[in-house]
Every structure is written in structure tokens, then in C-alpha cells.
Amino acid sequence: MFSNWIEASDTPETFRDEEIAGTTPLDAYRVVLFNDEDHSFDEVIFQIIKAINCSRSKAEKITWEVHSRGLAIVFAGSIERCIYVSAVLEEIALKTEIQTG
């Protein structure tokens with residue numbers, strides 16, 4: 001029901017990018033999130049969910065990776081989507097970088 005009023009191009013791209021992130025050369029861009037000492041786990045988890053529309057479980061895994069490794073790839077896909085994801089994460093002053101290659 002919800003998907004009936006969403007533009008067809010919005011939903012498939014979001015799910016496609018999330019499902020195959022980092023597994024195909026078509027994902028030439030990626031958003032990297034860096035660890036900081038300024039945000040709580042819950043703040044980061046909420047912002048990741050908002051940015052990439054994922055489950056809490058996935059956001060928790062990404063947040064733990066950022067905490068333990070110092071960084072994590074949050075999203076891979078088109079440059080337009082990466083710019084969007086990065087902007088949402090940076091709304092609360094999280095540190096991100098869009099990489100290519």
C-alpha cells in the first residue's frame with residue numbers, strides 16, 4: 001500500500017543500492033563514516049537509519065564497525081545518492097567522506 005504512491009524510481013534504487021553495495025563496479029562511489037567522540041551510539045544509529053532507510057540492526061552493525069575500526073562504509077551507489085546520504089549524516093555534524101574507485 002505504501003509503495004503505491006512512491007515514485008517507482010525511488011524505491012528500487014534505494015533497495016538496489018543497499019542490497020548490492022560494494023559488490024559491483026556500478027557502485028563507483030561510497031560514503032565513509034568516521035568515528036568521533038562527540039556522538040552517542042543512539043545518535044549515530046538513528047542518523048544512519050534516516051540516511052539509508054535501513055533496519056535498526058543494520059545501523060547498529062555499521063555503528064559498531066565505525067566505533068571499533070574508526071570508519072565504515074555506510075552506503076555505496078550513485079554519486080547523487082551518496083551526496084544525499086552524506087548530507088543526512090552530516091546534519092548532526094558526523095564526519096563523512098565520499099570516495100570513488
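The values are calculated or read from the model by the stated rules, or taken from the named source; none is laboratory data. This structure is a prediction, so every number in the text was calculated from the model and none was measured. Here the Cβ is made from the backbone with ideal geometry for all residues, glycine too, and neighbour counts use every protein chain on show.
Couple of notes before you dig in:
- Within the stretch 67-77, not a single residue is exposed (fewer than 15 other Cβ atoms within 10 Å of the Cβ) and of a type in the set (V, I, T).
- Among helices (runs of 4 or more DSSP H) entirely within the stretch 1-71, having at least 1 residues that are at pLDDT 95 or above singles out 41-52, 56-69.
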